[in-house]
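Taking it in order: structure first as structure tokens, then the write-up.
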Ligand code: TXA
Ligand code: MG
């Protein structure tokens with residue numbers, strides 16, 4: 001039996017401890033007005049990789065980066081007039097904006113699942129605000145449940161689900177919205193990517209009509225998102241040596257490769273490096289990418305899932 005996570009009432013001291021944990025790469029569950037989030041420093045790729053390990057998610061999907069204040073959004077994303085109007089109207093609050101990512105953004109590649117967009121939200125919950133303010137960095141946080149389980153609206157829901165993978169749970173009672181934030185994509189035409197606490201009509205009243213993504217109303221398997229990053233070059237898995245024209249992405253000491261996901265064979269490190277290295281190799285000189293075998297347990301399942309999708313030709 002995994003030991004249950006430590007729960008502390010979210011007073012000033014507990015918030016300070018949680019902020020210190022986050023700043024050193026640990027995981028903290030915290031309340032927002034929608035649901036409890038499982039947080040990690042969004043700029044620390046290994047910390048974010050541990051979120052996927054804790055959730056036992058068999059695939060990577062892009063996570064929301066939470067900010068203390070709306071003014072911070074410009075540091076990480078490009079906001080157009082629509083984004084500004086929505087931010088002004090609904091932040092802090094249960095709205096997430098998917099925006100073009102700034103090239104110099106400190107947010108880790110794995111947080112955005114390798115995409116050139118970033119999801120930002122400024123939560124309204126006073127504990128979330130105090131925590132984010134104390135951390136001073138964006139905090140990546142999906143709902144604090146194991147993959148396939150219900151989203152937690154109370155601190156007690158978090159502990160049995162995630163066990164000792166989370167270092168601390170900040171308890172501030174039940175979340176009053178109880179439903180995840182609305183996700184609106186603004187990288188092109190405005191799209192409702194996930195319905196939530198703010199309605200499409202409320203959004204349309206501010207920026208005009210939004211396209212409702214075809215699958216916005218059914219819970220989507222994150223890996224099926226059309227927006228998922230994949231390299232443009234052919235990719236071959238389970239390779240022990242490069243064939244002519246290939247560059248080899250190694251793993252561990254057995255297959256060092258030209259570059260290595262993790263020389264020590266550590267899956268957390270490999271996950272944190274995956275998207276960055278794929279981008280680099282995709283932009284490099286080789287015609288194709290070969291990837292060493294990655295063990296299919298724990299985070300290895302998500303890594304292999306991502307690689308497998310990258311081997312199927314795209315149209
Ligand atoms: O209410 C909420 O939003 C909660 C609290 C903790 O803030 N968080 C949450 O996170 O629900 P998560 O990871 O369970 O959901 C994030 C949603 C997913 O549907 C994901 O696909 C979408 O946001 N998303 C994030 N980044 C995206 C991107 N770059 N492009 C498209 N969709 C994105
Ligand atoms: Mg969720």
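Once a ≥ b ≥ c are taken as the square roots of the eigenvalues of the Cα gyration tensor of the range 67-107, is the result rounded (a/c under 1.5), prolate (a/b larger than b/c) or oblate (a/b not larger than b/c)?
Note, shape of the range 67-107 comes out prolate.
So for 110, 203, 7, fewest C-beta neighbours within 10 Å to most, what's the order?
Values: 110 27, 203 22, 7 17.
The most exposed by this proxy come first: 7, 203, 110.
If you find the alpha carbon centre of the range 286-306 and of the range 130-183, how far apart are they in angstrom?
29 Å
Over the chain, what is the relative contact order in percent, taking alpha-carbon pairs closer than 8 angstrom and at least six residues apart?
Here the relative contact order equals 23 percent.
So for 167, 109, 11, fewest C-beta neighbours within 10 Å to most, what's the order? Write down the numbers at each step before the final one.
Values: 167 18, 109 21, 11 12.
Going from least to most buried by this count: 11, 167, 109.
Cα axis of helix 299-311 to longest principal axis of the chain: angle in degrees, 0 to 90, nearest 10?
Roughly 70 degrees, rounded to the nearest 10.
Considering only DSSP beta bridges with both partners in the chain, what is the antiparallel share in %, to the nearest 5?
Antiparallel: roughly 45 percent of the beta bridges in the chain.
What is the spread of the Cα atoms of the chain along each of their three principal axes, largest first, in whole Å?
In descending order, the Cα extents are 57, 49, 33 Å.
Could you tell me the center-to-center distance, by alpha carbons, between the range 261-282 and the range 38-101 in angstrom?
Value for the Cα centre distance between the two parts: 22 Å.
Anyone know which of 66, 125, 157 comes out most mobile in the 10 Å Cα GNM of the chain?
157
With springs only between Cα atoms under 10 Å, which of 147, 65, 181 fluctuates most in a Gaussian network model of the chain?
Its mean-square fluctuation being the largest, the pick is 147.
Which shape class applies to the range 77-222: rounded if a/c is under 1.5, otherwise prolate when a/b exceeds b/c and oblate if not, where a ≥ b ≥ c are the square roots of the Cα gyration tensor eigenvalues? Don't skip to the end; give the middle numbers.
On the way: a/c = 1.58, a/b = 1.41, b/c = 1.12.
Prolate, since a/c reaches 1.5 and a/b exceeds b/c.
In degrees, nearest 10, range 0 to 90: what is the angle between the Cα axis of helix 12-23 and the longest Cα principal axis of the chain?
Between the helix axis and the principal axis of the chain, the angle is about 20 degrees.
Angle, helix 81-90 long axis vs. longest principal axis of the chain, Cα atoms, 0 to 90°, nearest 10?
50 degrees
For a test of the definition: using alpha carbon positions, the gyration tensor, and the 1.5 limit on a/c, classify the range 17-88 as rounded, prolate or oblate. Walk me through the numbers before you get to the answer.
Values: a/c = 1.93, a/b = 1.66, b/c = 1.16.
Verdict is prolate for the range 17-88.
Arranged by the count of other C-beta atoms within 10 angstrom, fewest first, what order do 17, 202, 81 take?
Values: 17 17, 202 14, 81 8.
Ordered from fewest to most neighbouring Cβ atoms within 10 Å, 17, 202, 81 come out as 81, 202, 17.
Each reported figure results from applying straightforward, stated rules to the coordinates on display, with no laboratory input. Everything quoted here is computed from the prediction, not taken from an experiment. Because the Cβ atoms are built from the backbone with ideal geometry, glycine has one as well, and the counts that use them run over all protein chains shown.
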